[in-house]
Amino acid sequence: MENKKQSADAALLQEIYKNVKMGTDSVMTILGKAEDRSLLENLSADLDTYEGYAKRAREKLAEMSIVPKEVSTIQKLPAEMGITMSTLTDRSNSKIAELMIEGAVMGVTEFKDLIRNADDAGASLENIRLAGDVLAFHEEMINKMRRYL
């Protein structure tokens, strides 16, 4: 039973790590497009939050003697290209907010499924709570970015 629980926890933490690292990369790409001071401050705060979640997931994996799988360049490329293409002609606050909201909506959907599957698989409540914190962060991000639309 313990092996199954550890496996469920490891899978959950790997997915959390991968998701927040993708979020970090996306925000870093978008930061290079934004010009508005208020928006830049919000994006920087979001970047810090993503990095904090990545650190927590990485530390929890290290406690299990697991090295987190990094997101490959091939996995990152579509998001980076999408952001670049979307902001080629429109770098307005509303366009940047729209991109952030789209990413956060995908995160909400992914984390709802992730939490449900992790709970069914027997992952620990502590790790499910971490996933819930990331889900809440994505929901909060959507609400923060709406003011720029």
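Bear in mind these aren't lab numbers, they're just calculated from the coordinates by the rules spelled out. Being a predicted model, the structure only gives us computed values, none of them experimental. Cβ coordinates were reconstructed from backbone atoms using ideal geometry, including for glycine residues, and neighbour counts include every protein chain displayed.
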> For E51, E70, what's the fewest-to-most ordering of other Cβ within 10 Å of each Cβ?
Replying inline: E70, E51
>> Cα atoms only: what Rg and Dmax, in Å, come out for the chain?
In response: 16.0, 55
> Can you tell which of G103, L125, A54 lies farthest toward the positive end of the dipole of the chain, using +1 and -1 charges on the Cβ of basic and acidic side chains (Lys, Arg; Asp, Glu)?
Replying inline: G103
>> Given points 7 Å out from each Cα along the Cα-Cβ axis, report the K112 to M64 separation in nanometres with one decimal.
In response: 2.5
> Pairs K69/K144; K33/K69; K21/K55: which exceed 21 Å Cα-Cα?
Replying inline: K69/K144; K33/K69
> Residues with beta-carbon under 9 Å from that of K33, excluding K33: net charge, scoring Lys, Arg +1 and Asp, Glu -1?
Replying inline: +1
>> Need the list of lysines near K112 for cross-linking: C-alpha distance under 17 angstrom, and skip anything on the same chain fewer than eight residues off.
In response: K18
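Defining a contact as two alpha carbons under 8 Å apart and six or more residues distant in sequence, what relative contact order in percent does the stretch 67-149 show?
40
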> For the residues M141, M106, M81, what sequence is obtained by ranking on other C-beta atoms within 10 Å, fewest first?
Replying inline: M81, M106, M141
> For q = 0.17, 0.18, 0.24 Å⁻¹, what log10 I(q)/I(0) does the stretch 99-149 give under the Debye formula with an equal point scatterer on each alpha carbon and no solvent?
Replying inline: -0.51, -0.55, -0.80
> Give or take rounding to whole Å, what are the principal axis extents of the alpha carbon atoms in the stretch 1-68, in descending order?
Replying inline: 52, 16, 14
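Could you work out the helix-only [θ] at 222 nm for the chain, with each DSSP H run of four or more residues adding -39,500 (n - 2.57) and the total divided by the number of residues, to the nearest 500 deg cm²/dmol?
On the way: 5 runs with 122 residues, N = 149.
For the chain, the value works out to -29000 deg cm²/dmol.
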> Each residue of the stretch 57-64 in order: what ³J(HN,Hα) in whole Hz does its phi give by Karplus 6.51 cos²θ - 1.76 cosθ + 1.60, θ = phi - 60°, with x for Gly and Pro?
Replying inline: 5, 4, 5, 5, 5, 4, 4, 9
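Fewest first, what order do T109, T29 take by the number of other Cβ atoms within 10 Å? Don't skip to the end; give the middle numbers.
Numbers: T109 12, T29 18.
Result, fewest neighbours first: T109, T29.
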>> Need the C-alpha centroid separation for the stretch 101-131 versus the stretch 3-41, integer Å.
In response: 13
